[in-house]
Amino acid sequence: MLLILILMAQGINVEAFDTPNDDGSSITIRWIPDTQYEFFQILRSLDPDEGFEPLAQLPGDYAEFIDRGLQSGQQYYYLVKAVQKEQETSSEIIGPVLPKAQIFDAGRANILVTIIILFAAILFYIAIARRGEKLYIRKIPALTAMEEAIGRATEMGKPVLYVPGIMDIDDPQTIASMSILSKVAEKTAEYGTPLYVPTSKAMAMTMAQQVVKEAAMKVGRPDWFNADNIRYLTDDQFGYVSAVDGIMMREKPATNFYLGTFYAESLILAETGHATGAIQVAGTAMPDQLPFFVAACDFTLLGEELYAASAYLSQEPVQLGSLKGQDLGKLLIILIIIIGVASRVFGLPFLYNLLNVQQ
């Protein structure tokens, strides 16, 4: 419930109330604008007996002032003065007014509806996937080529190199990379092809070893697993890149995977791998590094394709349902943008106001 106090004092109509749909840190003061006054002065106090402090001075055509940065639940008192030349008209003391936080911002109801639709879509598709129904996921060329690339390394009798980025396991891209590593490890173990996984973080090495070991046991080849092939190199960015390049030049892997978070080292890795003649599959959600991978690698997972790869490879119902639900959410957002633009172009205020977020 809004606290609104309206006072008539020497011709000044003033109201002060808790600002609606906020976090309880502001109070709105309103009055009737009058250009006969040079300016309005707004004053605030915690205790009227101790005097008021000036907050703002606004021209005569202004009608509102929002006092921000307040403490929720604290009582505040206000005074508005209208000044004309050397004469001053003051309102009576307004208050107490208490700023309070609102549980729900009514101006963002459209965002709530969008979130509900998105979550409903995700749960709907997960339920469909769990019933065993086939969900269509478009083919991603980089993932389709993985088995062929591993097969090529097997035929040539050369190892496969997998670089999971330079970030630790708390990075979402590293987590996605480990999911893909599991599938790569299954194929290399099945074919008996050596797999090298150099890491720049100790925890990433431990996780990679566990992922590769479980993959080997899954395909019935526990003897294939070699923990020495999954090693920690260094936390230093370019020291790590130099060590990985050294592995490329010495071991001559036939297939290189670069999947995870990369920065300036992306071009160095990709160019070195290209020089050795390896098939290269890369993927990252770092927009600045994608052009280098696209130019120097045979296949590239672009942005969100890195996160979708886990669902694509595993065909796990929860991941597939989440992926389909998110795709529907993206389609919904695109439609909202189109409708919003059309409403402005063709002058349809109803649609524009429906989609607009009130401040």
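Which ones in the range 65-106 are among the charged types (D, E, K, R), farther than 20 Å from Ser45 by Cβ and within 43 Å of the chain's Cα centre (by Cα)? Passing the criteria: only Asp105. For the range 128-139, enumerate the residues that are more than 11 Å from Lys324 (Cβ to Cβ) and either touching a residue at least 40 places away in the same chain (Cβ under 8 Å) or within 22 Å of the chain's Cα centre (by Cα) (or both). Arg130, the sole residue that qualifies. Here Ala127 qualifies as at pLDDT 80 or above and on the phi < 0 side of the Ramachandran plot.
Restricting the range 140-183 to residues that are buried (at least 17 other Cβ atoms within 10 Å of the Cβ), more than 21 Å from Gly303 (Cα to Cα) and among the hydrophobic types (A, V, I, L, M, F, W, C), the residue that is farthest from the chain's Cα centre (by Cα) is Ala153.
Within the range 64-89, track down each residue that is under 12 Å from Tyr37 (Cβ atoms) and not β-branched (Val, Ile, Thr). Reasoning before the result, please.
So in the range 64-89, the residues under 12 Å from Tyr37 (Cβ atoms) come out as 80-85, 87-89.
Across the range 64-89, the qualifying residues are Lys81, Ala82, Gln84, Lys85, Gln87, Glu88.
Right, Gly347: closer than 24 Å to Leu143 by Cβ, out of contact with any strand residue (DSSP E or B) (no Cβ under 7 Å at 6 or more places or on another chain) and outside the structural domain of Leu269 (by TED's automatic domain parsing) or not? No: the conditions fail for Gly347. The set of residues in the range 157-200 that are within 20 Å of Glu214 (Cβ to Cβ), part of a helix (DSSP H, G or I) and not hydrophobic (A, V, I, L, M, F, W, C) comprises Thr174, Ser177, Ser179, Ser182, Lys183, Glu186, Lys187, Thr188, Glu190, Tyr191. The single condition among (1) over 18 Å from Val281 (Cα atoms); (2) touching a strand residue (DSSP E or B) at 6+ places or on another chain (Cβ under 7 Å) that Phe262 does not satisfy is (1).
Matching residues to (1) among the basic types (Lys, Arg); (2) part of a strand (DSSP E or B); (3) out of contact with any Ser or Thr (no Cβ under 8 Å at 6 or more places or on another chain); (4) at pLDDT 85 or above:
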residue: Arg250; (1), (2), (3), (4): yes, no, yes, yes
residue: Tyr258; (1), (2), (3), (4): no, yes, no, yes
residue: Glu271; (1), (2), (3), (4): no, no, yes, yes
residue: Met286; (1), (2), (3), (4): no, no, no, yes
residue: Thr300; (1), (2), (3), (4): no, yes, yes, yes
residue: Ser310; (1), (2), (3), (4): no, no, no, no
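When you scan the range 238-255, do you find a residue that is in contact (Cβ under 8 Å) with a residue 60 or more places away in the chain, surrounded by fewer than 17 Cβ atoms within 10 Å (Cβ to Cβ) and not aliphatic (A, V, I, L, M), even just one? Yes, the range 238-255 contains at least one residue that is in contact (Cβ under 8 Å) with a residue 60 or more places away in the chain, surrounded by fewer than 17 Cβ atoms within 10 Å (Cβ to Cβ) and not aliphatic (A, V, I, L, M). In the range 7-60, counting only strands (runs of 3 or more DSSP E) that sit wholly within it, the ones holding 1 or more residues that are surrounded by 15 or more Cβ atoms within 10 Å (Cβ to Cβ) and modelled with pLDDT under 85 span 12-18.
The values are calculated or read from the model by the stated rules, or taken from the named source; none is laboratory data. Note that the coordinates shown come from a computational prediction; the quantities given were computed from them, not determined experimentally. So basically every Cβ, Gly included, is an ideal-geometry build from the backbone, and we count neighbours across all protein chains shown.
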